[in-house]
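Below is one structure; the comments refer to it alone.
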Amino acid sequence: MNVSAAGLLLAVLLLAGGCDDMTQQKKENPYASSETAPATVPDSVVEFQDSDHPPPALTLTLLQRGQSEFHAFCSPCHAETGNGHGMVVQRGFPAPEPLTDPDLMTASPRHLYDVLTDGKGIMYGFAQRISPEDRWAIVAYMRALQLSQHATLASLTPEQQAMP
Amino acid sequence: MAAVFSPRANVIATVCMIGVAGFIAGGCIWWFAWPRSDYVRRVGWTIQQPVPFSHQHHVSGLGIDCRFCHSSVEHSAQASLPPTFTCMTCHSQIWTNADMLSAVRNSLTSNTPLVWARVTDVPDYVYFNHSIHVAKGVGCESCHGNVAAMPLTYKAKTLTMRFCLDCHRDPGLQLRPVASIYDTDWHRNRTTPSAAELMRQYHVGARNLTECSICHR
């Protein structure tokens, strides 16, 4: 009798074990505190943010990436053309200078990159949101936007001029 | 000798048989179908959030891209919820006195993050990585629905294992061109490359995507 009761209890316990569907599982995040972190950071290590990010080579892929990132992060205020009348500006945000402003046309790429990183005036910095390579891609695309609005027929190649 | 069964036995037997059949059918529904129902899966339920954020206004109305706020979606397993800093990119200048945004301003002044409630969750035994899906041509809409049409955000798909496997078995038709990944209401049209062509472009198909360890690791 006792054996069968123990067997029944065991069976019930085993069945009850199936009730936990494991959708919620507590996990330890070793990096959550310095006490559990695997190692301390040596003094010579700088944050990724502070390390040097030289401009990448100018390629069509970079420009296309820049166009996509410009659309996502810049166009709400600066508009797709860079004229500074994006949708958020139309809803009351103070208008930024157009990207074809003479000062910005002559500004160095590094200056544009730094503004993207740290912000300027009421524009917030985008260091947390856009990776360094993508910031350079946006700078390259901004240059293309500026050029596109000051391009002359003479600056096109004969093949481009021949295109309809 | 009197009959063993009275005439009532016919009725009792029928009722018993129907009852047993009903019990079995009901048990199956309760055991298999009910947990997979949209009701239990919370599909279409809006969730109480600290700020009644409208994707419809920000995405449809203003044309803000998903990545503006969910900025780590291309680089990380998590799409990430925006820090208060991201909200303040615009709201430091516009709607600065709106009552609706007081929680955002309090978060900024007290330096404590807003605690958003998770809308779309998978069980903890599922490993899901946003960046690989985005990189391989799966649009946000495929799992999150047309977020641009949601005044308050709700879970749009059941996210059952079948939902994941339907696509992992035959991903072609769920893939879209790079330019349309963040389009919240995208449809295939005549100019869309074929499913096989997209599979080739994204290098999808070389691996068996239904292996257990793809999702459970």
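The values are calculated or read from the model by the stated rules, or taken from the named source; none is laboratory data. Just so it is clear, the model here is predicted, and its values are computed rather than measured. Virtual Cβ from ideal backbone geometry, glycine too; neighbours counted across all protein chains shown.
Figures for the structure shown
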| quantity | calculated |
| --- | --- |
| Test: residue in the stretch B:114-126 that is of a type in the set (Ser, Thr, Tyr) and more than 10 Å from chain A (Cβ to nearest Cβ) | yes |
| Hey, residue B:33 modelled with pLDDT under 95, part of a loop (DSSP other than H, G, I, E, B) and either of a type in the set (D, E, K, R) or farther than 30 Å from residue A:74 by Cα (or both) or not | no |
| Any hit, the stretch A:66-80, residues being away from chain B (no Cβ under 14 Å), surrounded by 11 or more Cβ atoms within 10 Å (Cβ to Cβ) and either modelled with pLDDT under 95 or touching a Gly at 6+ places or on another chain (Cβ under 8 Å) (or both) | no |
| Residue check for residue B:9: without any contact (Cβ under 8 Å) to a residue 12 or more places away in the chain, over 30 Å from residue B:113 (Cα atoms) and surrounded by 11 or more Cβ atoms within 10 Å (Cβ to Cβ) | yes |
| Those residues of the stretch B:9-51 which are farther than 30 Å from residue B:147 by Cα and under 30 Å from the mean Cα position of the chain (by Cα), in sequence order | B:25, B:26, B:27, B:28, B:29, B:30, B:31 |
| Within the stretch A:49-65, considering residues that are of a type in the set (A, V, I, L, M, F, W, C) and surrounded by 10 or more Cβ atoms within 10 Å (Cβ to Cβ), the one farthest from the other protein chains (Cβ to nearest Cβ) | A:58 |
| Test result for residue B:94, assigned to a loop (DSSP other than H, G, I, E, B), in contact with a helix residue (DSSP H, G or I) (Cβ under 9 Å, 6 or more places away or on another chain) and either within 25 Å of residue A:134 (Cβ to Cβ) or more than 12 Å from chain A (Cβ to nearest Cβ) (or both) | no |
| Test: residue in the stretch A:49-70 that is in contact with a strand residue (DSSP E or B) (Cβ under 6 Å, 6 or more places away or on another chain), within 21 Å of residue B:76 (Cβ to Cβ) and assigned to a loop (DSSP other than H, G, I, E, B) | no |
| Matching residues, the stretch B:164-191, being polar (S, T, N, Q), part of a loop (DSSP other than H, G, I, E, B) and touching a helix residue (DSSP H, G or I) at 6+ places or on another chain (Cβ under 8 Å) | B:184 |
| Candidate set: the stretch B:57-85, residues that are outside any loop (DSSP other than H, G, I, E, B) and of a type in the set (Ser, Thr, Tyr); chosen: the one farthest from the chain's Cα centre (by Cα) | B:84 |
| Filter result (in contact with a Phe, Trp or Tyr (Cβ under 8 Å, 6 or more places away or on another chain) and surrounded by 10 or more Cβ atoms within 10 Å (Cβ to Cβ)) within the stretch A:16-31 | A:23 |
| Residue B:80 being surrounded by 15 or more Cβ atoms within 10 Å (Cβ to Cβ), among the hydroxyl-bearing types (Ser, Thr, Tyr) and under 23 Å from residue A:131 (Cα atoms) | yes |
| Among (1) over 29 Å from residue B:61 (Cβ atoms); (2) surrounded by fewer than 18 Cβ atoms within 10 Å (Cβ to Cβ); (3) touching a Gly at 6+ places or on another chain (Cβ under 6 Å) - the single one residue A:161 does not satisfy | (3) |
| Close pairs (8 angstrom Cβ cut-off, 6 or more residues apart or separate chains): closer than 22 Å to residue B:217 by Cα and away from chain B (no Cβ under 14 Å) in the stretch A:16-44, among the polar types (S, T, N, Q) and part of a loop (DSSP other than H, G, I, E, B) anywhere | A:30/A:36 |
| The stretch B:143-163, residues that are buried (at least 19 other Cβ atoms within 10 Å of the Cβ), part of a helix (DSSP H, G or I) and not hydrophobic (A, V, I, L, M, F, W, C) | B:144 |
| Output for the stretch A:92-127, where each listed residue is within 23 Å of residue B:83 (Cβ to Cβ), in a helix (DSSP H, G or I) and of a type outside the set (A, V, I, L, M) | A:113, A:114, A:117, A:118 |
| Residue check, residue A:129 buried (at least 17 other Cβ atoms within 10 Å of the Cβ), at pLDDT below 95 and either within 21 Å of the chain's Cα centre (by Cα) or hydrophobic (A, V, I, L, M, F, W, C) (or both) | yes |
